[in-house]
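Structure record follows, encoded as structure tokens.
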Amino acid sequence: MMKSVLLHIHEDHGAESRLQAASDLARAAGAHIHCVQVTATPDIVASDLYGGASMAPAMMAELYDIDEKARQRVEQRLRREDVSWDWRHAQGDIVRGLLSAATLTDGIIVTLPTGPRKQLADPLHLAADLALRGRTPVLAMPQDARAFRITGRALVAWDGSLEASAALRLSVSLLKLAEEVHIVTVEEAGKYPFPATDAPEYLARHGVKAQLHIWPQDGRTIDAALQAAIGVLKPDWIAMGAFGHSRLREMVFGGVTRTMLRSVHVPLLLAH
């Protein structure tokens, strides 16, 4: 069961959707929220180039002041949400700090940004790095989402890969809470020897009834076919494996994970 989740605390346009998702999940699953705030050390602080070291104290003081205001705001909200929570603070690299704090948690909640980062208030793009470098499932929430409808309609993207299998196993406890579960596999001849029926059979053994959809590729890319399925089924959240190929290959040739993170504005539960 997902009984312990890490909530990334950062003052940006996605802060409210992350907090609401953590609260929704905590109430639905009886989970405890670990609020983790990482104060990032600016690159200029790490060196003395152009007198950077002399600027470090003032810069760090400003960053700590911003983080302290964020902490006060979040604590006030959590007291009203009637959920169990605690607070942790670290300094340094954000991805490394979050992964270190997540070693004994069941999920990490970050933001799924709506576009490239152009200003400081835009959410950080963390989901891909966290999913690829860690072993904890990552819940990427659209930055403008108002709730995480765990009990609504869930979609599982299934291709029989190790990554998809990990996502399926790690999402079982949340899938049990969903009113509907749809498994979508895109026809792709010769990719994996595992029959698509393995996924619904696995869920059935865990008491989860799921409907299987074999989606035709029809000359499209896998990610385009999957997006078409999402458009028809309109899920409230999606569970999928992340980065089935090497990160370099994903960057060069595209990849379903990168496309989903960029184009799909639905909560994504990612596992690698």
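What number, rounded to the nearest 500 deg cm²/dmol, is the helix-based mean residue ellipticity at 222 nm of the chain, given -39500 (n - 2.57) per DSSP H run of at least four residues and division by all its residues?
About -12000 deg cm²/dmol.
When only DSSP loop residues count, what trypsin sites (Lys or Arg not before Pro) in the range 107-148 have their Cβ near at most 12 other Cβ atoms within 10 Å?
Arg117, Lys118, Arg135, Arg146
Between Ala61 and Glu75, what is the label-to-label distance in nm when each label sits 7 Å out along the Cα-to-Cβ direction?
Inter-label distance under the simple model: 2.2 nm.
Roughly how much of Lys69 is accessible, in Å² to the nearest 10, using a 1.4 Å probe?
About 130 Å², rounded to the nearest 10.
Just to confirm the filter: which chymotrypsin sites (Phe, Trp or Tyr not before Pro) across the range 75-163 are DSSP coil and have at most 10 other Cβ within 10 angstrom of their Cβ?
Here no loop site has a sparse enough neighbourhood.
Among the helices of the chain (complete DSSP H runs), which have Cα atoms covering no less than 18 Å along the helix axis and a Kyte-Doolittle mean of at least -1.0?
15-29, 52-81
Treating the beta-carbon of each Lys and Arg as +1 and of each Asp and Glu as -1, no other charges, what is the dipole magnitude of the chain about its Cα centre, to the nearest 20 debye?
440
What is the spin-label model distance, in nm, from Val232 to Glu201 if the labels are put 7 Å beyond Cα along the C-beta direction?
2.5
Hey, of (i) 32, 22, 16; (ii) 42, 19, 15; (iii) 34, 22, 15, which did the structure itself give for semi-axes √(5λ) of the Cα gyration tensor in Å when calculated?
From the options (i) 32, 22, 16; (ii) 42, 19, 15; (iii) 34, 22, 15, the structure gives (iii).
Check the straight Cα-Cα distances from Lys176 and name the lysines below 25 Å, setting aside those fewer than 8 residues away within the same chain.
Partners found: Lys3, Lys209, Lys234.
Once you order the gyration tensor axes a ≥ b ≥ c over the Cα atoms, which shape class does the range 100-174 get: rounded for a/c under 1.5, otherwise prolate or oblate by comparing a/b with b/c?
prolate
For Thr41 and Lys176 in one chain, what is 0.36 nm times their gap in residues minus the Cα-Cα distance, to one decimal in nm?
44.5 nm
So, with a 1.4 angstrom probe, what is the percent of accessible area on the chain that is carbon and sulfur?
Of the solvent-accessible surface of the chain, carbon and sulfur hold 53 percent.
How large is the accessible surface per residue of the chain, computed with a 1.4 Å probe and reported in Å² as a whole number?
Per-residue accessible area for the chain comes out at 49 Å².
Around Leu212, which amide H atoms from residues at least 5 apart in sequence, or from another chain, sit under 5 Å from its own amide H, with H modelled in the peptide plane?
Ile183
Let a ≥ b ≥ c be the square roots of the eigenvalues of the Cα gyration tensor of the range 51-171; is it rounded (a/c under 1.5), or, if not, prolate (a/b larger than b/c) or oblate?
Because a/c hits 1.5 or more and a/b exceeds b/c, the range 51-171 counts as prolate.
The values are calculated or read from the model by the stated rules, or taken from the named source; none is laboratory data. Bear in mind the structure is a predicted one, so any value in this text is a computation, not a measurement. Methodologically, a virtual Cβ is constructed for each residue, glycine included, from the backbone with ideal geometry; neighbour enumeration extends over all protein chains shown. Surface accessibility is based on the protein's heavy atoms, side chains included, excluding ligands, DNA and RNA. Shrake-Rupley method; radii C 1.70, N 1.55, O 1.52, S 1.80 Å.
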